[in-house]
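Okay, so here's the structure we're looking at.
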Amino acid sequence: MAVSDAVLVKEVLDGAKDAYAELVRRYERPARAAAIHILGNYHFAEDAAQDAFVKAYQQLAGLRKPAMFGCWLMKITRRCALDIAGKKRPDVPLDSVAEMPDHRRNGRLDEEKQHLLREVMRLADSERQVVLLRYFGGHTVSQVADITGRSVGTVTKQLSRAHQHLRNQIKEPL
Amino acid sequence: MNPEKNIETQLEQLAQAIPSGSSFVDGIMSRLETSSDNVQQKPKPTFVRRLVMKNTFKFAAAAIVLIAALLSLTLLDKTVAPAYALEQTIQACHSVRFIHLRQINPQHKEEPILIWAEFFENGQPKQIRMNLPEWAGSEDGAKEIVWENNAATVWFKKKQGFVRVPEKRMADEILKIVQEQDPKTYVKNLLDAQKNGKVEIQIEQPTDKAEPIRVTAIHLPDRASKLVLYIDQSTQLPLNGETYTLKDGDYVLANIGEFYDYNQPIDPAMFAFDNVPEDIMLVDQTKNQIGLIQGTMTNNEVAIEVVRRFWQAIIDKDYAKASQMYEGIPAAKLEQGFGKLENYKIEIVSVGPVQPHPNPKTRGVIVPCTIKMEVNGEIVEQTFDRIGVRQVYNQPGRWTIFGGL
């Protein structure tokens, strides 16, 4: 059984940094995805996601609903990404690009994936969170339920709605 | 973008395209360790306390209203029978034409059994696709199955073989698995069990319509298992079901069934196999009758005769006949294998006696066979002691070799 976000947040507030490492592992890909959505680039997105986790840690005591950590983190990530987007971006050295695996060759998602990611980020908060945890975090539905403190039925319903929404959106021409 | 492409697959592919790694976590934790970035202490709610103290009277009045409202809700919940009844779900299920099901074994959470099904208007299955992971695929390993027109095509991924079998038996077994998971059957069975006093059903209907109805069915009289079914309040359709078994006084989760994508048309490609290797072996039992007719022979006699005829066909280089004795495996495939013995003089030394098969689930027997092979004056005797023989699925009175030699 997965430990809920609310429990992990409480443990962090009680001084357990290991619990925060678990939250970082849990939300690494979702945070990167949220940042890539805004910045469109893996390298800058990684910086934004790192900044977001550090800021979230500093401001954790102000989080009124610990169970909403995931949604809250996404908002912080978005702000961090927008901060980076507003600054002058350094050029990525050519030799580092050449060393990347093929799918990251240009540091960007292909057009089809960008389109899908854009639609994922447009989902309602609660639906987006379950999609990110389920697919980007690799958790089962029951684990997502444990993590978010929702019932399995609610998570299933939210996932189903998200699928429907995404299916409708990707039918539209780009 | 291909709109018909399965959305789950697309999401999985998108997620895989986003990098992750332990260095990311280490980097953040290192930043937190080495800097003064510490978690702030939670502010004490002094302001809130003062506010409450100053407004004691107003707060008390508000609290009374709130408590009264809560009490009325509680009383309503207790005195009024739940508006929901299982019949409503059965009714709602009649409109289901498409569904995606996932069956999860808690021991193999990452590898669910996946089912996609399309139904006719009368509720009977039209097309089914089922992916069985290795843990659910018995000794045959992982399988992918497409069921259509009362026939099933099975891709044995481990054995790199395709088998197309006619209606009955395997096709029926596949159909049975899907029908058991079909929400309308699922709920109807529950209702029938309640009517027969085999289960005790409790229904909890939250006042919050966004929360699902929870139906708990406890098996009677031993209470050894229970099913918890979650029903969407707006559609009355099942969202998921959890089966628990009693172990040392506690209910332990044994199985999860999840119901997705009601009435979302399924990509026709789901009911066909793609990415099939070119060299895969196709055995089509729907077009060819296979095996040997038993006639007046006993079971042991026909089992021995099948093996004898198989080897005789190999000796005669009659691969079509050998194919018929060996599950319909393509003659060309047999020729490819046994053709290497072209320069050998082959004789059957002995066939039998029949022995029980080590795996009773196969419903077969073992028929040992010794063959003598001679080439350039050198004689070799080879005993095959693993040849399995059994009745052909859905071809009564016919027997065939199965499995490997």
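Things to note:
- B:Leu246 away from every other protein chain (no Cβ under 14 Å), surrounded by 15 or more Cβ atoms within 10 Å (Cβ to Cβ) and assigned to a strand (DSSP E or B): yes
- Selected residue (criterion: farthest from B:Glu118 (Cα to Cα)) from residues of the stretch B:129-152 that are at pLDDT below 75 and in contact with a strand residue (DSSP E or B) (Cβ under 6 Å, 6 or more places away or on another chain): B:Asp140
- The lone exception for A:Pro30 - which of (1) at the interface with chain B (Cβ under 10 Å from one of its Cβ atoms); (2) surrounded by fewer than 23 Cβ atoms within 10 Å (Cβ to Cβ) it fails: (2)
- Scanning the stretch B:344-361 turns up one or more residues that are under 18 Å from B:Arg308 (Cα atoms), under 34 Å from the mean Cα position of the chain (by Cα) and among the polar types (S, T, N, Q).
- None of A:Ala67, A:Ala52, A:Ala35, A:Ala45 is in contact (Cβ under 8 Å) with a residue 60 or more places away in the chain, touching a helix residue (DSSP H, G or I) at 6+ places or on another chain (Cβ under 6 Å) and in a helix (DSSP H, G or I) except A:Ala67.
- Only one of B:Val389, B:Val375, B:Val365 that is modelled with pLDDT of 80 or more and over 40 Å from the mean Cα position of the chain (by Cα): B:Val375
- Residue in the stretch A:158-172 that is more than 10 Å from chain B (Cβ to nearest Cβ), among the polar types (S, T, N, Q) and in a helix (DSSP H, G or I) present: no
- Condition check for A:Lys65: surrounded by fewer than 21 Cβ atoms within 10 Å (Cβ to Cβ), among the charged types (D, E, K, R), under 19 Å from A:Asp5 (Cα atoms) and modelled with pLDDT under 85: yes
The values are calculated or read from the model by the stated rules, or taken from the named source; none is laboratory data. Keep in mind it's a predicted model, so treat the numbers as computed, not measured. Every residue, glycine as well, gets a Cβ built from its backbone with ideal geometry; the counts of neighbours run over all protein chains shown.
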